[in-house]
Amino acid sequence: LEVGQVYRFINVLYPTYSLNANSATDVNAVTTNETDTKQQWYVAAKDGEYYVLRNLAYGKFLKGNGQSTAWSMSDDYSHNYNKFELYTSNTDYNTLHTNTLLNYAYIHCNSSYNIVGWSNGTTDKGSHWEITKVDYTSDEITALLEKAPTVAEVAAYPAALEAIFSDAACTILKSAYTTTSMTDEQLATDANYSALPQTLKNMVKKKQKT
């Protein structure tokens, strides 16, 4: 691992599954999609021997936990739970171990494809990962991380956005929300629009003008 680079973590026991940000708060393993930024992890920092991993889609930081307890994500990396030591055994396996939890915090994919802490990362292949570099320029990484807060907010307001947009990517407004159908005054009092944070309101207004 190298600070400033992006990687994908593919599980050895389930070789078609990769470490994934399931939302802005939790992680799991899903079928590998090489272009999905939710499965891409930016090495944001290194503190001694411990690495900090930041999800490229949501901009949140991977957070470890103890045995059989779900891993998650957090807004910063101020806690040792956000710092991971990389163990590599020649070409046999890689695994990560959370800084503070002794032998009970290796990153592990269980049979339900949940990511949990595990007691022994050296022998259990569910705790072993193939690490593959994803090529981005520094400008591309910066642009994705700048976009990340909006991605996280989109995920937090699915019902309102589904009512306003006709596509999951939030690029096409439904006809009722175009400027020909709804005035600024009507939009301001619309329940779906009113439920959104200001950044997403700005996104709706921008789409109205295009």
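Protection proxy ranking, highest mean first, for peptides 1-9, 76-84: 76-84, 1-9, where packing is the per-residue count of other beta-carbon atoms within 10 Å, averaged. Counting protein heavy atoms only, segment 68-139 has 43 percent of its accessible area on carbon and sulfur, 1.4 angstrom probe.
Heavy atoms of the protein chains alone define the surface here; on that basis segment 1-119 has 44 Å² accessible area per residue at 1.4 Å probe size. Projecting the Cα positions of GLY48, ASN33, SER127 onto the charge dipole of segment 1-159 (unit charges on Cβ atoms of Lys, Arg, Asp and Glu, taken about the Cα centre) puts SER127 furthest along the positive direction.
Based on DSSP H segments of at least four residues, each scored -39500 (n - 2.57), the chain has a per-residue ellipticity at 222 nm of -6500 deg cm²/dmol. Once you reduce segment 44-108 and segment 22-37 to the center of their Cα atoms, the two points are 16 Å from each other. Within a straight-line Cα-Cα reach of under 19 Å, LYS207 can be paired with the following lysines, leaving aside sequence neighbours fewer than 8 residues apart in one chain: LYS147, LYS174.
Quick one: net charge of HIS108's neighbours, Cβ under 14 Å, K/R +1, D/E -1? That works out to 0. Note on TYR113/SER74: beta-carbon distance plugged into 1/(1 + (r/R0)^6) with R0 of 25 Å gives a FRET efficiency of 0.70. Accessible surface for segment 120-210, divided over its residues, is 60 Å² per residue with a 1.4 Å probe. Peptides 56-63, 44-51 ordered by packing proxy, namely the average of other Cβ atoms within 10 Å per residue, highest first: 56-63, 44-51. Taken about its Cα centre, the chain carries a charge dipole of about 300 debye when Lys and Arg each add +1 at the Cβ and Asp and Glu each add -1 at the Cβ. Dipole check for segment 126-210: with +1 at the C-beta of Lys and Arg, -1 at the C-beta of Asp and Glu, and the Cα centre as origin, the magnitude is about 260 Debye.
The values are calculated or read from the model by the stated rules, or taken from the named source; none is laboratory data. This one's a predicted model, so the numbers in the text were calculated from it and none came from an experiment. We place every Cβ from the backbone using ideal geometry, glycine too, and count neighbours over all the protein chains shown. Protein only, heavy atoms only, side chains kept; ligands, DNA and RNA dropped before computing areas. Shrake-Rupley method; radii C 1.70, N 1.55, O 1.52, S 1.80 Å.
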